[in-house]
1. Can you give the FRET efficiency for residue 241 and residue 201, using 1/(1 + (r/R0)^6), R0 = 22 Å, r = Cβ-Cβ distance, to the nearest 0.05?
2. Can you tell me the Rg and Dmax of the range 183-245, counting just the alpha carbons, in angstroms?
3. Largest first and to the nearest Å, give the Cα extent of the range 27-148 along each principal axis.
4. Taking R0 as 22 Å, what FRET efficiency do you get between residue 37 and residue 91 from their Cβ-Cβ distance, rounded to the nearest 0.05?
5. Tell me the volume per residue, in Å³, of the convex hull enclosing the alpha carbons of the range 52-112.
6. Given 0.36 nm per residue, what is the gain on full extension from residue 77 to residue 217 after removing their alpha carbon distance, in nm?
């Protein structure tokens, strides 16, 4: 009886050990990727796009990126494009959320970590979700490329993809976000973070860019909705509205 029982207990212990080892191995082996550098001159910017199942962290240092799966199926890279490597001490650094159905937050700021930025991503829904964010700073960099695809709100379109109008749309998104940031800064809000930004292609002159954004004034964060009236063919922003949620 003892001889029959011992192999079964040993097998259970071995299986449990294998699960622990596999989980540890998955989390201990981040996937690296080198940035595609395009453009130059002016200010710096990187666009990062990753595919996450449950939880992951993205670490950017210079022109190298590490994507580590915290939980769920292995996360993978979709895009890592910059116009310059992230410097050791970037000036006026900004983390800008562009798209994603869950939560993104920067947990390490390159201004205090000798150029290392770490972003934590939590995807609350089943299956994989695509997350896109920008890192921007003053100093070497420049234009010459288009940021990643934008994300429509739930029920508005089949999923992530290029916004209508190509590059002018991307330019309009940047101008809209900058205008919203300036509006909130004038009202005393700092640490402005865009939770979601998406273009809405309507007939005639009713094209819009909409989304949600947060800003800090004092010790707490306040959430806002925003909408910009835009011309997708030229990238021009006609008007900006921001209201408290």
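1. Step by step, r from the Cβ atoms, then E = 0.75.
2. Radius of gyration, then largest Cα-Cα span, for the range 183-245: 13.0, 43 Å.
3. Sorted from largest, the Cα extents of the range 27-148 read 41, 28, 21 Å.
4. Calculated value: 0.65.
5. Per-residue hull volume (Cα only) is 100 Å³.
6. 46.9 nm
Bear in mind these aren't lab numbers, they're just calculated from the coordinates by the rules spelled out. Computed from a predicted structure; not experimentally measured. Because the Cβ atoms are built from the backbone with ideal geometry, glycine has one as well, and the counts that use them run over all protein chains shown.
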